[in-house]
Amino acid sequence: MLKSRGLLAAVLAALFLFVAVKTFLNHSTNVENARSSTTIGGAFELTDQDGQQVTEKDLLGQPSVMFFGYMYCPDICPTTLLELTNWLKALGADADKLNTIFVSVDSSRDTPKQMKLYLSSFDPHIRGFTGRVTQIRKVTSEYHVYYKRVQLDGGDYVYDHSALIYLMDQNGRYVGIITPNEHETTAIGKLRGLIK
Amino acid sequence: MIFLATTRSLTLALLAFAVICAGPAVAQQIKAGDLVLDHAWARATPGGAKVGGAYLTIKNNGTAADKLLGGSSPVAAEVQVHEMAMNNGVMTMRPVEGGLSIPAGQSVTLAPGGYHIMLMQLKAALKQGDKLPVTLQFEKAGKVDVTFDIEGVGASAPPPGQMDQGMPGMKEPMQMKPGQKM
């Protein structure tokens, strides 16, 4: 009786160990796969709010903060741009050490001229990038940004889009994100960390 | 005669007081049938923007549900009720199909991050400090004229859990001073 109980305990322990090791291995593999398949950031060609051609190379040398959206968005986009404005103010002179960029996913409506006018309502550090449909497809693909045009009744259209703020280092490598509901103190802390 | 003069000055003083109380800082409350509309405000639009968002609280004191269907405004070609939602970091915005329900005995607040009155094809920019006239269309209460106070660009209602700090639409956007320590 005692012997069989000991055997049962041993079998159970072995089973537990097997499951634990297998779970650990699976997890490690998943993390590894995730890392290799989600390199955020890469090459792009766009036009800035002054009509100048820009590529990823123009951002190298200092860290970048990037947000993707469109100007026909009354909610999250002006909210985020106002938050960025407040955070950049909080950084003071350090705001000069960041590239802060609003990338439009709305190729046909958001022209460089329109973006310049729109961004004049926010912090002057914020630059606006737009481009042709293929160029926007390329940059959003590089940054793993989801966006989808949705037609409304009456001819207007809106976009579903990722509302994350991407933080990239001075070499154009992905560092992290700021989420839409992130606390202001945390967000400013992340920007400060990026500049260091 | 002296009594009359005193009464008159008292009336004037009361009138002046009433005018101060009804100043622009206090959002106008509107009653329409069973509905009470309050804290009507809109966001100022960034330069060249063609869309704007307006917000308010609608309370239904009746015993039957009503629906906010949409509306019209002299400054926009189209006025719709939209819902913004976040799913896994993706923002979606859609017209509320069939109208926004205002259940009996309940209050519905339209605020950034949720429901908004979407002003499309704006004919003029919405400027902070100005008023925005909108005629809202309800299923039961019918047409209701509402004047929205225009707040700052990207102005925000307090997030859930911070409601005690102020009513939606009454909060100024947070401004940080350069170099301010966190």
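Brief remarks follow.
- Considering the stretch A:159-189, and only residues there that are assigned to a helix (DSSP H, G or I) and free of Cβ contacts under 8 Å to residues at least 24 places away in the same chain, the residue that is farthest from the other protein chains (Cβ to nearest Cβ) turns out to be A:Thr186.
- Of the criteria (1) within 20 Å of A:Glu45 (Cβ to Cβ); (2) surrounded by fewer than 19 Cβ atoms within 10 Å (Cβ to Cβ); (3) under 20 Å from the mean Cα position of the chain (by Cα), which one A:Arg132 fails: (3)
- Strands (runs of 3 or more DSSP E) wholly inside the stretch A:49-149 that include at least 3 residues being under 28 Å from B:Gly52 (Cα atoms): A:64-69, A:99-104, A:126-130
- The one condition from (1) surrounded by fewer than 18 Cβ atoms within 10 Å (Cβ to Cβ); (2) within 8 Å of chain A (Cβ to nearest Cβ) that B:Ala85 does not meet is (2).
- Of residues in the stretch A:137-181 being among the acidic types (Asp, Glu) and in contact with a strand residue (DSSP E or B) (Cβ under 8 Å, 6 or more places away or on another chain), the one modelled with the lowest pLDDT: A:Asp153
- Scanning the stretch A:59-109 for residues that are acidic (Asp, Glu), touching a strand residue (DSSP E or B) at 6+ places or on another chain (Cβ under 7 Å) and more than 10 Å from every other protein chain (Cβ to nearest Cβ) returns a single hit, A:Asp106.
- Residue in the stretch A:152-164 that is of a type outside the set (Asp, Glu) and closer than 15 Å to A:Ser64 by Cβ present: yes
The values are calculated or read from the model by the stated rules, or taken from the named source; none is laboratory data. Nothing here was measured: the structure is a model prediction, and the numbers come from that model. Ideal geometry is used to build each Cβ from the backbone, glycine not excepted, and the neighbour counts take in all protein chains shown.
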